[in-house]
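Step one of this worksheet: look at the structure below.
All of the numbers you see were taken from the coordinates with simple rules; none came from a lab. This structure is a prediction, so every number in the text was calculated from the model and none was measured. Glycine gets a Cβ as well: all are built from the backbone with ideal geometry, and neighbour counts include every protein chain shown.
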Amino acid sequence: MKNKKLILSSLLIFIALIVSACGGDDDNTTSTSSATVTALTAGSATFSSTATINVAYTGTATLPYTGGNGVAYSAGTAVASTGVTGLTATLVAGTLANGAGNLTYTVTGTPTSSGTASFVITFGGQTVTITLTVNAAANTSCSSATGITKLICLCDALKASLTSTQIASLQISYAYASIIKWSNFPDGIYGNRVGLKLSGLTTAQKTLVLALLQEISGSTSNEGYEELVQLLAADNYLGGSDYGEAYYHIAILGTPASTGTFEIYFGGHHTQLSNTYINGSLVGATPSFRGVEPCTYSTSLSFSKAVNGSSTATNIIPMNQEATAFSALLTGLSTTNLATAKQSTTYSDIVCGPQVDWSFPTTKLGVKGSAMSSTEQALLLAAIKTYVNDLNATDAAAFITLYTNELSDTYVAYSGSTGLATKYDYIRIDGPHVWIEYSVGSSIVLSNPTTHPHSVWRDRSTDYGGTKQ
């Protein structure tokens, strides 16, 4: 019996030793821990450099943290940017400090637009957003350039601000079938305009569009660029789903250069600008179409609206000077010349409007410039200048010289009244080169005022730079 007890005691002691040994092994085992931090400081995040639209970028982002637990961590997966897309941020492997330290991310890609690229970073139980500035272009200043060099620079600056998809819409081949696609109708009715619609552009990108248009436009008060902005403001005033600057198109047909042919095209409801450059010079500034609703003629009404998100409204009187100059011309004619200029035909709109290209009437109507006094010819030239001065001074000078030399062979005809403010009032200037029409029609959108004008400047030889097919 004693032997059995001794054996049992020995067995119990052996088992206890085994359990004790196993328990000792468990105490020496260290469990794997995850990397954690108590905070990520997004406000102190830094990038090695800023990025530029459409330029490949490689840099690093440094993101400070606090409360690190000293644990190693592996490289992360790529985090795609939002806002400005095209970039990714990838965590570089490392080991956390016990306390404060920095995480490093490799940032690569090609940003597709200018603005702010945002990266949502999740690490160690924390989530923050860090941001990278993407510049519109490496150098968007063209202020030191002049002439065709400046125009090319501004075209390049605009392109540099756009995505590759936007550039494909903006710049297309120079072809007759494309340059004639303009209309006085809004996009909802006429959907064939070429180019990039302003609705898809940021305020910064539209500012570059306006800078390009300002360069090729005149600076005379209420003409040129001021007139163009007022036309956009008028469409913004109409608003709705069909009207407004958002529905205007900018296009570059061909490649801007000091050699070859290209056109700057800007068009929408009530505006068409068609500047054709050949070997670095403006050869054609037409067709140039203008119309406006609302208008202030023969009313006490006034209208204004902002353009491109401006906090300042623009006064809408884009064609008042044209109407005033035409009325001064007609009322300044002698009784005989005014009677000769008067036509019995009623004109409800312009004759050589959209898609009526190279179809100028062969018969001259009205009073010929050679029958006018020098004072009357001066009034005729003043009316012509309200159109030619829509160009910058350098480009306008050549057309003014040409048209001045041809005043004696230029005809003036009108229908309706001499005030050019009543429905179906119409005037035409028809020379060896110059062709200008101004027609007052019914209002379309608004009930007051009840009229609105259409007008076009064309050139019998240099419309579209002389391109006919």
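Around THR129, which amide H atoms from residues at least 5 apart in sequence, or from another chain, sit under 5 Å from its own amide H, with H modelled in the peptide plane?
ILE121
Assuming 0.36 nm per residue, please report the length gained on full extension of the stretch ASN315 to ALA56 beyond their Cα-Cα distance.
So the extension gain works out to 88.9 nm.
Starting from the amide H of GLU406, placed 1.01 Å from N in the peptide plane, find each other amide H under 5 Å away whose residue is 5 or more places distant or on another chain.
Amide H to amide H, under 5 Å and 5 or more residues apart or across chains, GLU406 pairs with nothing.
Relative contact order (percent) for segment 39-135, with alpha-carbon contacts under 8 angstrom and 6 or more residues of separation? Let's see the in-between values first.
On the way: 259 pairs, mean separation 32.4, N = 97.
That works out to 33 percent.
Which whole-Hz couplings ³J(HN,Hα) result when phi for each residue of segment 196-208 is put into the Karplus expression 6.51 cos²θ - 1.76 cosθ + 1.60, θ = phi - 60°, listed in order with x for Gly and Pro?
So the J values, rounded to whole Hz, are 9, 6, 5, 4, x, 9, 6, 4, 5, 5, 5, 4, 5.
Rounded to the nearest 500, what is the 222 nm mean residue ellipticity of the chain from helices alone, with -39500 (n - 2.57) per DSSP H run of 4+ residues and division by all residues?
Details: 10 runs with 128 residues, N = 469.
Mean residue ellipticity, 222 nm, calculated: -8500 deg cm²/dmol.
Counting only DSSP beta bridges with both residues in segment 39-135, tell me the antiparallel percent, nearest 5. Could the numbers behind the result be given before it?
Working: 35 of 37 bridges.
Once the DSSP bridges in segment 39-135 are tallied, antiparallel ones form about 95 percent.
Against the longest principal axis of the chain, how steep is helix 393-405, in degrees 0 to 90 to the nearest 10, with axes from Cα atoms?
Once rounded, one gets 20 degrees.
What would the Debye equation give as log₁₀ I(q)/I(0) for the chain at q = 0.12, 0.13 Å⁻¹, counting only Cα atoms as equal point scatterers?
Relative scattering, expressed as log10 I(q)/I(0), comes to -1.01, -1.13.
After finding the eigenvalues of the alpha carbon gyration tensor for segment 65-217, what semi-axes result from the square roots of 5 times each, listed largest first in whole Å? Please list the in-between numbers first.
Values: eigenvalues 405, 63, 30 Å².
Equivalent ellipsoid of segment 65-217: 45, 18, 12 Å, largest first.
So what is the diffusion coefficient of segment 200-299 in µm² per second by Stokes-Einstein at 20 °C and 1.002 mPa s, using a Kirkwood Rh over Cα pairs? If you can, show how the numbers build up before the last one.
Numbers: Rh = 14.5 Å.
It comes out at roughly 148 µm²/s.
Report, by chain and number, residues whose modeled amide H sits under 5 Å from the one on TYR248, excluding near sequence neighbours (fewer than 5 apart, same chain).
Sorted by chain and number, the residues that satisfy this are LEU198, SER199.
Relative to the first principal axis of the alpha-carbon coordinates of the chain, what is the inclination of helix 2-27, with its axis defined by its Cα atoms, in degrees from 0 to 90 and to the nearest 10?
30 degrees
What is the distance in Å between the Cα centroid of segment 169-213 and that of segment 229-294?
7 Å
Averaging sequence separations of C-alpha pairs under 8 Å and six or more residues apart, then dividing by the length of the chain, give the relative contact order as a whole percent. Intermediate results must be reported in sequence, preceding the final value.
Details: 1016 pairs, mean separation 53.7, N = 469.
With pairs under 8 Å counted, the relative contact order is 11 percent.
Subtracting the Cα-Cα distance from 0.36 nm times the residue separation, let me have the gained length for SER33 to LEU301 in nm, one decimal. Walk me through the numbers before you get to the answer.
Details: separation 268, 0.36 × 268 = 96.48 nm, distance 7.59 nm.
Separation in residues times 0.36 nm, less the Cα-Cα distance, equals 88.9 nm.
Among residues other than TYR411 whose Cβ falls under 12 Å from its Cβ, what is the net charge (Lys/Arg +1, Asp/Glu -1)? Please list the in-between numbers first.
Numbers: positive: LYS364, LYS368, ARG428; negative: GLU406, ASP409, ASP430.
Result for the neighbourhood of TYR411: 0.
What nm value, rounded to one decimal, do you get for the distance between ALA93 and SER258 when each label is placed 7 Å out toward the C-beta?
If labels sit at ALA93 and SER258, their model points lie 5.5 nm apart.
Using the alpha-carbon centroid of each, what span in Å lies between segment 52-88 and segment 340-399?
Cα centroid of segment 52-88 versus Cα centroid of segment 340-399: 63 Å apart.
Under the Karplus relation 6.51 cos²θ - 1.76 cosθ + 1.60, θ = phi - 60°, what is the ordered set of whole-Hz ³J(HN,Hα) values for segment 261-266, x standing for Gly and Pro?
So the J values, rounded to whole Hz, are 10, 8, 10, 9, 10, 9.
Dividing the alpha-carbon radius of gyration of segment 39-135 by 2.2 N^0.38 Å (N being the number of residues), what value is obtained? Present the calculation step by step, with values, prior to reporting the outcome.
Values: Rg = 13.2 Å, N = 97, 2.2 N^0.38 = 12.5 Å.
Working it through for segment 39-135, the quotient is 1.05.
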